[in-house]
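Heads up: the structure comes next, in structure tokens.
The values are calculated or read from the model by the stated rules, or taken from the named source; none is laboratory data. Nothing here was measured: the structure is a model prediction, and the numbers come from that model. All Cβ positions, even for glycine, are placed from backbone atoms using ideal geometry, and neighbour counts span all protein chains on display. Each accessible area value is taken on the protein alone, full model and side chains, heavy atoms only, with ligands, DNA and RNA left out. Shrake-Rupley method; radii C 1.70, N 1.55, O 1.52, S 1.80 Å.
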Amino acid sequence: MTHQSLIFTNDVADAIGSLRESMGNPSAWVLMDENVAGLVKPRIEGPALEGVRSIVVPSGDSHKNLTTLSSIWDALQKEGATRHSLLINLGGGVITDMGGFAGATFKRGMRFINVPTTLLSAVDAAVGGKTGINFNGFKNEIGAFREASAVVISTCFFDTLPREEVLSGYAEMLKHGLLSGREQYDGLMAFNPSAENADDLLPLLKESVEVKRRIVMEDPHEKGLRKALNLGHTVGHAFESLALERCRPIAHGYAVAWGCVVELVLSHMQMGFPADELRRFSSYVLEHYGAYYIGCADYPALLEYMRHDKKNDSEAINFTLLRDVGSVEVNCVCDEEKIKIAFDLYRDLMHI
């Protein structure tokens with residue numbers, strides 16, 4: 001794994017300019033979606049992006065696919081990019097995932113930096129080296145591990161985000177708090193991400209990113225400890241896939257929040273995770289994220305989606321579970337009957 005530089009600053013243009021200079025001012029492209037091209041890029045225009053060409057793709061997770069990826073490769077090829085060029089991924093998780101995969105594969109690998117513009121991409125997708133696209137209805141089915149050369153993390157673009165986007169990113173921070181320990185977790189649970197100024201998030205955001213970075217450095221290719229970061233994701237990805245099947249997509253962080261509730265129920269059933277903490281967390285999620293509706297008729301589809309999860313080593317469904325806040329167990333297998341009971345209890349806790 002390459003050494004990755006994390007830069008926390010609200011002077012994003014200066015950081016990009018310094019990074020380009022440190023790399024010898026290579027030919028560069030900035031990848032962004034249509035929303036970022038209109039709302040964010042004008043804020044960093046100037047010397048930092050002098051001579052940088054733009055690749056603009058459609059917005060949304062539904063465009064995180066082979067067709068869009070091919071259009072990125074096509075633009076890089078036609079405009080003369082080489083493996084020594086630089087790709088600047090400016091945007092949310094869709095852009096950092098897909099741009100990272102484009103950079104990892106074009107000419108067998110070109111340099112890229114991530115400049116996340118959403119809280120979710122800052123805390124989750126931009127750090128850790130996971131890249132990829134959706135394929136045949138499954139989330140992140142095709143991808144590769146490849147670290148960005150650098151990640152520029154700021155809060156200065158969060159005022160362009162709807163409330164749902166901030167909450168989506170905050171769910172990943174809550175997950176990191178559950179993994180890290182009581183002090184960080186309690187601080188996050190006392191914070192109202194809907195009401196606070198985005199600048200107040202920066203210290204919490206830095207703390208959260210550092211949790212992920214520590215875990216990734218110890219286990220870059222997800223052989224062991226890094227699986228802890230999958231807390232909430234086995235069920236969360238299944239919720240996302242079901243929502244796509246219903247043609248009513250849900251935000252990734254919301255899916256993770258609801259997935260964490262189900263997986264904390266499993267943690268209580270299998271590992272003795274404290275019941276009062278389960279109720280506290282589920283109440284916080286219900287207050288800030290509402291509930292995702294599932295009925296008994298949805299269980300078979302959800303189980304099928306979970307069986308397709310990349311974290312499974314066999315037919316068994318693999319989870320990250322907690323004995324308590326900060327006490328993590330990876331590679332926990334749960335049988336389908338227990339998962340169905342957890343879905344029942346989730347519906348009770350979410351007042352469905």
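Is region 210-218 home to any residue that is modelled with pLDDT of 90 or more, open to solvent by less than 30 Å² (accessible area, probe 1.4 Å) and in a helix (DSSP H, G or I)?
no
How many residues does region 240-265 contain that are surrounded by 24 or more Cβ atoms within 10 Å (Cβ to Cβ) and hydrophobic (A, V, I, L, M, F, W, C)? Break it down stepwise before answering.
In the first step, residues of region 240-265 are kept if they are surrounded by 24 or more Cβ atoms within 10 Å (Cβ to Cβ); the result is 240, 252-253, 255-265.
So of that shortlist, the ones also hydrophobic (A, V, I, L, M, F, W, C) come out as 255-258, 260-262, 264-265.
The qualifying residues number 9.
If we only count helices (runs of 4 or more DSSP H) wholly inside region 245-349, which ones have 1 or more residues that are touching a strand residue (DSSP E or B) at 6+ places or on another chain (Cβ under 9 Å) and modelled with pLDDT under 95? Don't jump to the end; show me each part of the working.
Values: elements: 252-271, 275-289, 299-307, 336-349.
By residue number, 252-271, 299-307, 336-349.
Kindly indicate which of Ala104, Ala148, Ala144 is part of a strand (DSSP E or B) and small (Gly, Ala, Ser).
Ala144
Pairs only if they're at least six apart or on different chains, beta carbon under 7 angstrom, first in region 108-130 and on the phi > 0 side of the Ramachandran plot, second assigned to a strand (DSSP E or B) and open to solvent by 10 Å² or more (accessible area, probe 1.4 Å); list them, first residue then second.
So the pair list comes out as Gly129/Phe145.
What are the residue pairs meeting all of these: first residue in region 138-153, first residue touching a residue at least 40 places away in the same chain (Cβ under 8 Å), second residue open to solvent by 50 Å² or more (accessible area, probe 1.4 Å) and assigned to a strand (DSSP E or B), Cβ atoms under 8 Å, and 6 or more apart or on different chains?
What qualifies is Asn140/Lys130; Glu141/Phe135; Ile142/Phe135; Gly143/Lys130; Phe145/Lys130; Ser149/Arg111; Ile153/Phe8.
Find the residue count for region 99-117, including only residues that are open to solvent by 10 Å² or more (accessible area, probe 1.4 Å) and β-branched (Val, Ile, Thr).
1
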